[in-house]
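Structure record follows, encoded as structure tokens.
Values quoted throughout were computed directly from the atomic coordinates according to the rules given, and no laboratory measurement underlies them. Keep in mind that what you see is a predicted model, and the values were worked out from it rather than measured. Neighbour counts are summed over all protein chains in view; Cβ atoms, including those assigned to glycine, are modelled from backbone coordinates with ideal geometry.
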Amino acid sequence: MKINEVFDNVYCVDVMVAGEERVISSYILDFERKAVIEPGPQSSIGNVIEALEEIGVRELDYVFVTHVHLDHGGGAGGLANRYGAKVVCHERGRKHVINPKRLWKASLEFSPKSKVYGKPESVEEGRVVIGKDGDVFSLGDVEIEVMETPGHAPHHLSFFLRDFRMLFPGDSAGMCIDGVVIPTTPPPFDLELWRESVRKMMSADPQYIAYTHFGMYDADRLLESVLETLERWVGLAESAGSFDDFVSAVEKGDEQFMRFMELYSHSEIMREWAIHGFRGIYEAVRNK
């Protein structure tokens, strides 16, 4: 577990799932009211709790979940139950936070490697709050605005820390490492909704982007870049003779992807996510 104070009272925690570094970020917001954005998987929630204790956070008011995929929201129950916090998520994800049994089963069917994330804990119904587009949650001195950003998942939310113009996009703006950003698009992937969501985030004009995968960066042209990369991949999917041809074209010919994977040559998890993403784009293009 590693902690980095990326902004005043905003901490990025490397949860080090399966011991892999720089794969999943969780963010601690230490204001009048305390919050965690993106708890990460249940298997590494102990590292988030350790980080909270090291920072000096003894109480927790909110756990904000962009979507219920296990690497993002799997630890929500474990964290919320320990502190009595409320979990904020999309309406369509609420039932899976309250009772994650079906989510766990479906995740294992999607990939047996999902076991590395750990089985989520259930949360009492009264402590699961639906976040809708435009809702604002006060942390006392600062406010968090909810943005609905579907595409990667139909129940995807992003969170915007208004006072700092800091965007927490989950997976809706891709994955970024050292300023190199690529889309993350597992099936079922909605191409047009994803495009709309990226443009929506661009219109919010963030100054910083706090990625779950991985870390916080100046926004600069990162949203534009991930949209451009997605469109390149769509073109490759349209012209490919088969799925394998498409994967080969990206892996061997897309400079952005090659740079990204070079930076993540140590990560089996990241490699698997990339392959799932190829499948989502290919199916979205071929089925439209």
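One table, with the values for the structure above:
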{"read-out": "Mean shadow area of region 70-192, taken as a quarter of the surface of its Cα convex hull (nm²)", "value": "8.7 nm²"}
{"read-out": "Hydrodynamic radius of the chain per Kirkwood, over alpha carbon pairs, in Å", "value": "18.7 Å"}
{"read-out": "Fluctuation leader among 215, 131, 179 - the chain, Gaussian network, Cα springs under 10 angstrom", "value": "179"}
{"read-out": "Spatial separation of Cα centroids for region 1-56 and region 242-288, in angstrom", "value": "28 Å"}
{"read-out": "Exposure proxy order (Cβ contacts within 10 Å, fewest to most) of 242, 44, 225", "value": "242, 225, 44"}
{"read-out": "Unit charges on C-beta of K, R, D, E only; dipole of region 2-225, Debye", "value": "960 debye"}
{"read-out": "Where Cα atoms sit under 18 Å apart: lysine pairs in the chain separated by 8 or more or lying on different chains", "value": "13"}
{"read-out": "222, 227 arranged by Cβ crowding within 10 Å, fewest neighbours leading", "value": "227, 222"}
{"read-out": "Relative contact order (%) - the chain, alpha-carbon pairs under 8 angstrom, separation at least six", "value": "14 percent"}
{"read-out": "In region 58-110, the trypsin sites (Lys or Arg not before Pro) that fall in loop regions by DSSP, at most 14 other Cβ within 10 Å", "value": "58"}
{"read-out": "For region 1-157, alpha-carbon Rg over 2.2 N^0.38 Å", "value": "0.96"}
{"read-out": "Proxy reagent accessibility, fewest Cβ within 10 Å first, across 190, 135, 171, 8", "value": "8, 135, 190, 171"}
